[in-house]
1. From the residues in segment 322-343 that are surrounded by 13 or more Cβ atoms within 10 Å (Cβ to Cβ) and within 29 Å of the chain's Cα centre (by Cα), which one is farthest from residue 295 (Cα to Cα)?
2. For residue 138, which of the numbered conditions (1) closer than 21 Å to residue 19 by Cβ; (2) loosely packed, with under 12 Cβ neighbours inside 10 Å fails to hold?
3. With respect to residue 145, determine if the residue is in contact with a strand residue (DSSP E or B) (Cβ under 9 Å, 6 or more places away or on another chain) and crowded, with 19+ Cβ neighbours inside 10 Å.
4. Quick one: which strands (runs of 3 or more DSSP E) sit completely within segment 188-287 and have at least 3 residues that are more than 30 Å from the chain's Cα centre (by Cα) and either modelled with pLDDT of 95 or more or surrounded by fewer than 15 Cβ atoms within 10 Å (Cβ to Cβ) (or both)?
5. (1) closer than 14 Å to residue 17 by Cβ; (2) without any contact (Cβ under 8 Å) to a residue 60 or more places away in the chain: which one isn't true of residue 131, the others all being true?
C-alpha cells in the first residue's frame, strides 16, 4: 500500500472516530439531558419489610402509588419516604457517560489502525487473532459504557431536605456555661452566632433564657440551618386547611410543650408559607429527626423539648391517622432545671 493510500486511510479512521464521538455526544447527551422526568420514591412500610420502588401521588384524597406490577395500588399507612431517582440525569452523570463513550471510541479507532497494519503484513494467523481481540474490545467497551449508563439510570439519590430555621432556646435555674454541639447527617448552611465545627457553641445561660457568648453579646436563641439526608415519617399526621393552619399550630405546639412565645415565633416563621395552600399535610418528626440531628449538650439538660414539623401543600384533603402530640415531649408544666427547647421544620417536595 502506498504512503498516500496509507495516509488517506489513517485520515479516514480519524475522521470517522471524530464523527462518531461528536454524534454520540450530541445524541446521547441530548437524550440524557432531556429525558422525561420520572420521580421514584422508596417507601418503607410496616406491611412491606423490603423497600419497594413506588411513585407517590394523591388521588381523591388518598395517597396512591404506581408500581410496575400493580399500576394503581392504594398504599395505606406509608411509613418512610426516603429516596428518589430522577431523570433528566444529573450533569455529572451525563459527562461521565459521555467520557466513557469517547474513550471507548478512541480505543476502537486505535484498534482499527492496528488491525489495518496487521492486514498489510499478510499474516493470516495474526490477522485472525487481532480481529478476535478487536471484537472482544468492542464487546467489553460497549459493556462498560452500558454499565455506566445503567448505573446512573438506576441510581437512587439521597433526599436532601433543607432543615429550615431550627432554633435552640436554653433556660436555666442558674447562670452557667453550656456547650452545644450539632451532629448533623448533612451540611450546615447557616448558623448564628457563628458555629465552631470543633467546639460548637459555648454560652452562659440565665433564668430568663438570655444567652451570652464569650464576647458579652446576648442572644435569645441559637440559630442553625442545614441540608440533611433525613427520612420523612408519613405514617401519622394531620391534613389541615390552609386558612386553619394558625389555629391548628397554636393547639399542636401547646400539646408539644412550647410556650406561647416560642409557638408565636414558630407560627410567624411558617404561616406565610402554609396558609395560602388549600390544604397542608403536617407531620411532626420524632425519631427520624433525632437520628438525623444529634445534640451533644454539656452539661446534659434536665428537660429536652424538640419540635420538628415536616409538611407539604396539597389541593385535596388527605385522610390520615392523627399523631398523639401530648406524649411526644414534656409539657410546659414539667419543665425544670436546665431546659433545652428546639423547633424547626422542612417543606417536603412532593411529585
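The values are calculated or read from the model by the stated rules, or taken from the named source; none is laboratory data. Here the structure is a predicted model, which means the values were calculated and not measured. Note that we place each Cβ from the backbone using ideal geometry, even for glycine, and neighbour counts take in every protein chain shown.
1. Of everything passing the filter in segment 322-343, 323 is farthest from residue 295 (Cα to Cα).
2. For residue 138, the failing item is (2).
3. Answer is no for this residue.
4. Hits in segment 188-287: 201-204.
5. Residue 131 satisfies all of (1) closer than 14 Å to residue 17 by Cβ; (2) without any contact (Cβ under 8 Å) to a residue 60 or more places away in the chain except (1).
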